[in-house]
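Working notes, structure below.
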Amino acid sequence: QVQVVESGGGLVQAGGSLRLSCVASGSIFSIDTMGWYRQAPGKERELVASLNSGGTTHYADSVKGRFTFSRESVKNTVSLQMNSLKPEDTADYYCNAVVQRERYGPLYSNWGQGTQVTVSS
């Protein structure tokens, strides 16, 4: 089994910053991609940023220049630094890890429980 756990959400005023962290643990041979998604009330879940095993990051246009997705020194841990937050960034943020559990095995997608981010105007 693979566990994905997010932390770091909270309430912040517009223009402020928050840092989310995500750690994947368990039966992991390798990680293909890790990503941050968010889902606002009444809306579909959307990709915020992703980071693949080659180190390439992708950002949604709405967060480019404000959010930074990076690996941490702790194994299988990533963070999302969110600056210049806007009320429209308010959502539940979910971490996803696409992992290989064994050499030559298939890829599995694993989701965390989510962490709430609220940006007040």
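The values are calculated or read from the model by the stated rules, or taken from the named source; none is laboratory data. What you see is a predicted model; the values in this text were computed from it and never measured. Using ideal geometry, Cβ is built from the backbone for each residue, glycine included, and neighbour counts are taken over all protein chains shown. Remember, those area values only see protein heavy atoms, side chains included, never the ligands or the DNA or RNA. Shrake-Rupley method; radii C 1.70, N 1.55, O 1.52, S 1.80 Å.
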Problem - Longest DSSP-loop-exposure-free segment, chymotrypsin sites (Phe, Trp or Tyr not before Pro), the chain, at most 14 other Cβ within 10 Å - result: 30-103
Completion exercise
Karplus ³J(HN,Hα) for the range 71-88 (6.51 cos²θ - 1.76 cosθ + 1.60, θ = phi - 60°; Hz, whole; x = Gly/Pro) runs 7, 9, 5, 6, 4, 6, 10, 10, 9, 10, 8, 10, 10, 6, 5, 10, x, 6
Fill in the blank from the handout: Rounded to 0.05, the calculated FRET efficiency for the beta carbons of N52 and L11 at R₀ = 35 Å is 0.65
Practice task
Pop out the carbon and sulfur fraction of the accessible area of the range 80-121 as a percent, whole number, probe 1.4 Å.
Solution key: 43
Exercise for the section: Quick one: what are the phi-derived ³J(HN,Hα) couplings along the range 10-22, Karplus 6.51/-1.76/1.60 with θ = phi - 60°, whole Hz, x for glycine and proline? Expected result: x, 10, 8, 7, 3, x, x, 10, 9, 10, 9, 10, 9
Exercise for the section: With the Cα gyration tensor of the range 23-121 in hand, give its eigenvalues times 5 under a square root as the equivalent ellipsoid semi-axes, listed largest first in whole angstrom. Expected result: 26, 14, 11
Practice task
Could you list the GluC sites (Glu not before Pro) in the range 25-96 that lie in coil according to DSSP, counting only those with at most 10 other Cβ atoms within 10 Å of their Cβ?
Solution key: E44
Exercise for the section: Skip the ligands, DNA and RNA, and give the accessible area per residue of the chain with a 1.4 Å probe, whole Å². Expected result: 55
Problem - Cleavage-rule hits, trypsin sites (Lys or Arg not before Pro), the range 26-121, DSSP coil, Cβ neighbours within 10 Å at most 11 - result: K43, K64, K75, R103
